[in-house]
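The values are calculated or read from the model by the stated rules, or taken from the named source; none is laboratory data. Since we're looking at a predicted model, the values are computed, not measured. Here the Cβ positions follow ideal geometry from the backbone for every residue, glycine too, while neighbour counts run over all protein chains shown. All accessible areas refer to the heavy atoms of the entire protein, side chains included, with ligands and DNA or RNA removed. Shrake-Rupley method; radii C 1.70, N 1.55, O 1.52, S 1.80 Å.
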Amino acid sequence: MTVRRSFKRLVRARMARTNESYTTARRHVLAQASLNTVTSATYPGLLPGYRGFGGGQHHASAALAHALDAVGVRAPHTNEPYTEAMLAGLTGGIGFMYAVFSYAGELPTMTIVARHHPEPFVPAALRRIGTPAESLRTSSARTAEQNLRAALAAGKPALCTVDRAGLPWHGLACGEGYADPYDVLVCGLDDEGGEKRVLLDDESVRPWSLPLPEFLAAWAAHRRGRHAMLAVVAPERPVDLAAAVRDAVATTCAHLTGPVLGNTFDVNFGFSGMRRLAEQLADPRGKTGWAVRFADPRALFAGVRRLHDCLEVEYTGPGATRPLYADFLAEAAGVVDDPAYLEAADLFRRSGDVWSALAAAALPAELPALAAYDAMVEERLGLLLDGGAAEEIRAVTSRVDELTDAYAAAPPGEAVLRELLDRLAGLVEQATDLERRAVDVLTG
């Protein structure tokens, strides 16, 4: 208990210093605490020189930063390891995709992707910094294992696409992680002794250890990403980082203003997607409005908690990844010698504050089941980042059904619900306005 109190004091001290949310500050403190604290002596089979685990603002960009550091890739403007912020920005950074899916006989589902999308996140950054990668995929489990062993033997961490439900510390039931690809970084293999185990860099500030057969099963379970693997290789020539930054920023701005795909689904992307979200939240009678589409209390409970999760923890970093992107722009301003990047960074940081406020407003303290879900998410994230037992995480995650039942048994009245949805719509409009201004600054 004393250790936890000391840790919370560090987090709150950082919040006071940086004005970050608790979730963001917690991730920073954990990341700093993890550096150089894990060695191959502690974890047999860990790749030599691998340091720092999890703890970043965004899962994919933090993993990429660790992989590049492990193979000795350095940023040309600092001669230090690439920061997570720089790499996140070089992928294309932020984006926005909002969609609601309805199928006959089922409750509607909602998702928001707040990071750059749909271009593959990690390959985009590697392309811009001129860092090659060995991309392998096979239908053969034996060949996949051989590919993995070869990469690790060469000292290269391997980014592998898995079914997240196969990673016990995520606390998902079988099949719940199946639809979406999830990349996890393999950073070691312990072949000694009776049971072969892989070491995985995945959110926690310490590596997870998983029996090799269990990992191979999770690796094979995601049909579209079956046995997909990406191993980073050190570049042979320097990169024009200023050109890479400008190209990435141009992509971000283009995808926020649209089009993205060049088809009818583009209405769900960028500022158009934000406008649709605000309109549908505020619409009291239309069939696509949340009041009608999510009229079933169970559907609404799922919708608002997804709204929270997609802006703070799912596919994203806290604040819809905007604070991390603001850090990128602030760092990139010196690379391209353009003060406009600093002005845009301030606007995106402010929009991140609004997205975090929206996520918090989606789970108001006045509605007990939603407030309890908010506490559950914080508890689960703490266990995940701290490397808590898989059983604990699964027990926390399993409470969602119980909270859904509680909400459905006593849903809020129409006036309370209308006030909630209108407030959420207003916050979407505030964030959109700030980001339009930021794009105007960046595009001149």
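Within the chain, which is the longest segment that contains none of the GluC sites (Glu not before Pro) sitting in a DSSP loop with at most 16 other Cβ atoms within 10 Å?
On the way: sites that count: E106, E176, E192, E195, E236, E314, E366.
Counting only loop sites that pass the neighbour cut-off, the longest clear stretch is 1-105.
Could you please put D386, D433 in sequence from largest to smallest accessible area, using a 1.4 Å probe?
Correct descending sequence by accessible area is D433, D386.
Is there a quick way to get the dipole size of the chain? I mean about its Cα centre, with the Cβ of Lys and Arg at +1 and of Asp and Glu at -1; what is the value in debye to the nearest 20?
240 debye
Let me know the Rg and Dmax you get for the range 296-438 when you use only its Cα atoms, in Å.
Calculated on Cα positions, Rg and Dmax stand at 17.7, 58 Å.
Of the heavy-atom accessible surface of the range 374-444 (probe 1.4 angstrom), what whole percent is carbon and sulfur?
Solvent-exposed carbon and sulfur of the range 374-444 make up 50 percent of the total.
Bin all alpha-carbon pair distances of the chain at 20 Å intervals from 0 and give each bin's fraction as a whole percent.
Each 20 Å bin holds this share of Cα pairs: 25, 59, 16, 0.
Taking the Cα centre of the chain as the origin and placing charges on Cβ (Lys, Arg +1; Asp, Glu -1), which of L342, L199, L87 is farthest toward the positive end of the dipole?
So the residue furthest toward the plus end is L199.
Would you mind pulling out the separation of the Cα centroids of the range 58-75 and the range 323-340, in Å?
With the range 58-75 and the range 323-340 each reduced to a Cα centre, they are spaced 19 Å.
Counting only helical runs of four or more DSSP H residues, what would the 222 nm mean residue ellipticity of the chain come to if each run contributes -39,500 (n - 2.57) and the total is spread over all its residues?
Working: 17 runs with 234 residues, N = 444.
Calculated at 222 nm, the ellipticity per residue is -17000 deg cm²/dmol.
Specify the inter-centroid distance of the range 151-166 and the range 346-387, based on alpha-carbon positions, in whole Å.
What the calculation gives is 30 Å, centre to centre.
Can you give me the relative contact order of the chain as a percent, contacts being Cα pairs under 8 Å and 6 or more apart?
It rounds to 18 percent for the chain.
Hey, can you find the accessible area per residue of the chain for me, probe 1.4 Å, expressed in square angstrom?
44 Å²
Describe numerically, in nm with one decimal, the distance between label points set 7 Å from Cα along Cα→Cβ at E279 and at S209.
5.5 nm
Starting from the range 248-334, pick out the trypsin sites (Lys or Arg not before Pro) whose DSSP state is loop and whose Cβ has at most 15 other Cβ atoms within 10 Å.
R285, K287
With every protein chain present, what accessible area does D337 have (1.4 Å probe, heavy atoms only), rounded to the nearest 10 Å²?
Number for this one is 130 Å².
Counting other Cβ atoms within 10 Å of each Cβ, which chymotrypsin sites (Phe, Trp or Tyr not before Pro) in the range 57-157 have at most 15 and sit in a DSSP loop?
Sites meeting the loop and neighbour criteria: Y103.
For the range 107-145 and the range 278-301, compute the distance between their C-alpha centroids and round to whole Å.
33 Å
Could you please report the charge total around P323, scoring K, R as +1 and D, E as -1 over all other residues with beta-carbon less than 9 angstrom from its beta-carbon?
Every neighbour counted, the sum reads -1.
With a 1.4 Å probe and every protein chain left in place, tell me how much accessible area F271 has, in Å² to the nearest 10.
The accessible area comes out at roughly 10 Å².
Let me have the relative contact order for the range 81-216, percent, based on Cα pairs under 8 Å that are six or more residues apart.
Working: 166 pairs, mean separation 18.1, N = 136.
Answer for the range 81-216 is 13 percent.
How large is the convex hull of the Cα atoms of the range 216-266 per residue, expressed in Å³ as a whole number? Each step should come with its number before you reach the end.
Working: hull volume 7.4 nm³, N = 51.
Taking only Cα atoms, the range 216-266 has a hull volume of 144 Å³ per residue.
Around R115, which amide H atoms from residues at least 5 apart in sequence, or from another chain, sit under 5 Å from its own amide H, with H modelled in the peptide plane?
Hits under the 5 Å cutoff: G95.
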